[in-house]
Amino acid sequence: MGVGAKIVLGAIADDFTGATDLANNLVRGGMRCLQVIGVPSQEVNLNNIDAVVVALKSRSCPADEAVTDSLAVLGWLRQQGARQLFFKYCSTFDSTDQGNIGPVADALLEALGANQTVMVPAFPVNGRTVYQGHLFVGDRLLNDCGMQHHPLNPMQDADLVRVLSRQTPHPVGLANRAMLAQGADATRAHLSTLAEQGVRHVICDTLDEQDLDVLAEATVLMPLVTGGSGLGQALPAQYRKQGWLETITQPGRLTPASGSALVLSGSCSRATLAQVADFLDKHPDGGFALDPLSLSEGDKQQEQALVFARERLSSNSPVLIYASADPDKVCAAQQALGVARAGALVEETMSQLAVALVNEGVGRLLVAGGETSGAVVSALGITTLRIGEQIDPGVPWTQAALAGRDAPLSLALKSGNFGGVDFFTRAFEVLV
Ligand code: ADP
C-alpha cells in the first residue's frame, strides 16, 4: 500500500540498473523519484514523491513470468494514482522472439483498456538512436555493435518493427523522423490514424533530444508509454505543462550524508577495472583484494578484509574491497569453482562485509557491479531507494532508510561499464 499524495508517473523497469537509469533521468527532468525493488509487499511512503520506478528482474525470464510480475506492479501503481505508466526496457531493445517486450506491453495495454502505445528505446546522449525504425548504437546498426553476440538475448535484427512483430500478434507501425519533424500535433494525429487502423505498437524514430521532446509532448496523455530512459528526461516538462507537476528546484536533494565511506567492487567490467586501478594509484594502501579461490577455503580472507576495513575506517582513510580481476584470473577461478559458485562466493562475501560495516558506522557506500549491487541491497534488507543527484550518466547517489539506524544510508550502485575512471573517489567528493 502507499502512504501519501498521488504520484504522477509509475514505471515498471525490467531490470535493477535500468530502473536506476530511468529514475536518474526523471530526477534530472525535475521529479522527486523513488525506486522500489520488486513488487511492493509492504507500505511505501510516497509523501513528496512524484514518480515511482519499480525494478523487476523480467528482462530475460520466461515471458509469462514477466507478464505476471509486470501486471502485479501495474495494479499497485494504479492504486497510487499514477497518471501515466511507463514500461522501461533497455535502449538496445534487449529481448528474444518470445519476448519479453511485446508480451508485457500487450498485457499492460489490455489491463489498462488502452488501444495503443509507443516504443521509444532511443537514448541519443548515449549514442542509441532510431532511424526508419532501425536501432543504431553509435554509428553501427544494433546487429553489428556486439549485441548480436549477447549471451541471453542476441540482437540479430536492427529493424525494430520486424523485431517487435515477432513478439506480438498485433500490427506494429512506425512514426518516422519526417513525421516528428512536423511537430507534436502532427505526430499525435499520425498516432491516431494508426490507432484507427488497429496499430497497437508504434516504433518511434529518435535522432536527438528534440525528437524526444516532440514525442513526450505527443504522448503525454497516453495511459502507457514504453521505452528507454531517454524519454524519461523529456516527460517531466510535459507534466508541468499539464499542471500535474510543480516546479521543484532540487528534486534530487537528499538528507545530508553521514558516516564513513566504503567502496565494494564485484564487477570485472573494463570500466570498473580502470576505476579500481585509479583508486589504487591514488591510495596504494587503500585496497584489499578478495579472491574466490581463497574464499572457497573458509572464512579467513573475509575476516582479514573486515580487519583491514575497520582499521582504515577508524582513521577515516579511503577503503576499497574488490574481487574485480582481469579476464585470465576470472577464468581461472571459474574453471576451478564453476561460474555460479565463483560469483556466489564473491557476492556473499561482499554482502556480509556490507552488513557488518554498515552496522559499525559506514554511512556512504559505493558498490560496483549490477549483480553485486543486487546482492548487497538485498542483504541490507533495502526495498526502496530515494534517488539523488547524478554522479555520472546513469548513476545517481541514492538513499535508503535502514532499521535501527537514525540517519539514512547513502548508496551509489554502479553497473559494470558506467562511470568515469575516477568514479571511486569523485563520487564521494560530489556527495553532500
Ligand atoms: P557487472 O555490472 O560489471 O556485470 P556484476 O556484479 O553484475 O558486474 O557481475 C560480476 C560477477 O562476477 C558477479 O557475480 C561477481 O560475483 C563475479 N566475480 C567478481 N569477481 C570475480 C572473480 N575474481 N572471479 C570470478 N567471478 C567474479
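In a DSSP loop and with at most 15 other Cβ atoms within 10 Å, the GluC sites (Glu not before Pro) in the range 286-354 are E297. Using only side-chain charges placed at the Cβ, +1 for Lys and Arg and -1 for Asp and Glu, the dipole size of the range 230-350 relative to its Cα centre rounds to 640 debye.
Ligands, DNA and RNA left out, the accessible area of the chain computed with a 1.4 Å probe is 49% carbon and sulfur. Axis of helix 339-359 versus longest Cα principal axis of the chain: the two differ by about 70°, to the nearest ten degrees. Less than 24 Å apart at the alpha-carbon level, and either on another chain or at least 8 residues along: which lysines does that give for K300? Hits, sequence-local ones excluded: K329.
Nearest 0.05, what FRET efficiency do R166 and D406 give at R0 = 56 Å with Cβ-Cβ as r?
Working from the Cβ atoms, E equals 0.60.
Say we join alpha carbon atoms closer than 10 Å with springs in a Gaussian network model of the chain; which of V355, V307, V54 then has the biggest fluctuation? Of V355, V307, V54, the most mobile in the Gaussian network model is V307. Under the rule a/c < 1.5 gives rounded, and otherwise a/b versus b/c splits prolate from oblate, where does the range 2-241 land using the Cα gyration tensor? Judged from the Cα gyration tensor, the range 2-241 comes out rounded (a/c under 1.5). A Cβ-based charge dipole, computed about the Cα centre of the range 12-150 with Lys and Arg at +1 and Asp and Glu at -1, lands at about 480 debye. Could you state the angle between the C-alpha long axis of helix 209-219 and the longest principal axis of the C-alpha atoms of the chain, as a value from 0 to 90 degrees rounded to the nearest 10? Helix 209-219 sits roughly 60 degrees off the main axis of the chain. Shape call for the range 260-430 from the C-alpha gyration tensor, a ≥ b ≥ c root eigenvalues: rounded (a/c under 1.5), prolate (a/b greater than b/c) or oblate? Rounded shape, in that the Cα axes give a/c under 1.5. The fraction of all Cα pairs in the range 1-103 landing in successive 5 Å bins from 0 to the largest distance is 2, 14, 26, 25, 18, 9, 4, 1, 0, given as whole percents.
Rounded, prolate or oblate: which one fits the range 335-410, using the alpha carbon gyration tensor with axes a ≥ b ≥ c (rounded when a/c is under 1.5, else prolate when a/b beats b/c, else oblate)? Because a/c hits 1.5 or more and a/b fails to exceed b/c, the range 335-410 counts as oblate. For the range 260-430, the antiparallel share of DSSP beta bridges with both residues in that region comes to about 30%.
For the range 127-184, run through the trypsin sites (Lys or Arg not before Pro) and keep only the ones in DSSP coil with at most 15 other Cβ atoms within 10 Å of their Cβ.
Filter output for the range 127-184: R166.
In sequence order, the range 360-367 has phi-based couplings of 8, x, 5, x, 10, 10, 10, 10 Hz under the Karplus curve 6.51 cos²θ - 1.76 cosθ + 1.60, θ = phi - 60°, and Gly or Pro positions carry x. Under 5 Å from the amide H of M155 lie the amide H atoms of Q148, H149, H150, each residue being 5 or more positions distant or on a separate chain, with H modelled from the backbone and absent for Pro and chain starts. By DSSP, the beta bridges lying fully in the range 350-425 are antiparallel in about 60 percent of cases.
Relative to the first principal axis of the alpha-carbon coordinates of the chain, what is the inclination of helix 300-314, with its axis defined by its Cα atoms, in degrees from 0 to 90 and to the nearest 10? Once rounded, one gets 90 degrees.
Take the Cα of A356, go 7 Å toward its beta carbon, and the backbone nitrogen atoms of the range 286-305 under 15 Å from that spot belong to 288-291, 295-305.
Rounded to the nearest 0.05, what FRET efficiency do A114 and R253 have when you use their Cβ-Cβ distance and R0 = 41 Å? Spell out each step's value before the answer.
Working: r = 35 Å, r/R0 = 0.85.
Calculated transfer efficiency: 0.75.
Between S296 and Q242, the FRET efficiency from the beta-carbon distance, with R0 = 35 Å, is close to 0.05.
A simple spin-label model places the labels of E429 and Q182 5.1 nm from each other, with each point 7 Å out along Cα-to-Cβ.
The values are calculated or read from the model by the stated rules, or taken from the named source; none is laboratory data. Here the structure is a predicted model, which is why all the values come from computation and not from measurement. Glycine gets a Cβ as well: all are built from the backbone with ideal geometry, and neighbour counts include every protein chain shown. Heavy atoms of the whole protein, side chains included, go into the accessibility calculation; ligands, DNA and RNA do not. Shrake-Rupley method; radii C 1.70, N 1.55, O 1.52, S 1.80 Å.
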